[in-house]
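Remarks on the structure that follows.
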Amino acid sequence: MERALAVVDAEESTKALVREAGELAAAVDASLVLLHVTTDDEYEEKRQTMESIPNDAVGYSEEKAREGAEAFAADIGREALDGIDVSWEAVGALGNEQTEILDAAERYDCDHLFIAGKKRSPAGKALFGDLTQSIILNFTGPVTVVTE
């Protein structure tokens, strides 16, 4: 492992995932990219909320959504990686989670991916899809899945 990507989400287990990724990366002298993706639905919901505020100075652009996602990833990184000697950077993205995760892994030349796995029944995966499963199937390197 030379550079790993850890997917940061809003679940409480994210801190444990980032800490584990950081410890493993530090052990092999690898760097870490922390990615938080704001989905299109989350963006649209917040944009509509911001537009309803009667103040022309308030707005929510795609750039602000990416900056907010990056700031969220950085906050998690500072907290979870405290005391770990690992080089890391935070990245924010906006769009489809699977696409953005795989694109970021390629763009940052990541050779390992860390993602949280959600406990779902096989029927639940079939009905609702499963981000973790699709990442495992479409990423060309090793994927470490941390479950709650």
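The values are calculated or read from the model by the stated rules, or taken from the named source; none is laboratory data. Just so it is clear, the model here is predicted, and its values are computed rather than measured. The protein model used for the area step is the full one, side chains on, heavy atoms only, and it has no ligands, DNA or RNA in it. Shrake-Rupley method; radii C 1.70, N 1.55, O 1.52, S 1.80 Å.
What to note about this one:
- Averaged per residue, the chain has 57 square angstrom of accessible surface, using a 1.4 angstrom probe with ligands and nucleic acids left out.
- Solvent-accessible area of the range 4-89 (1.4 angstrom probe, protein heavy atoms only): carbon and sulfur portion equals 44 percent.
- Build a GNM of the chain with springs between Cα atoms under 10 Å apart, and of Ser61, Ser31, Ser52 the one that fluctuates most is Ser52.
- The string of couplings for the range 8-15 from the Karplus curve (6.51, -1.76, 1.60, θ = phi - 60°) is 9, 10, 8, 7, 4, 5, 4, 4 Hz, one whole number per residue in order, with x for Gly and Pro.
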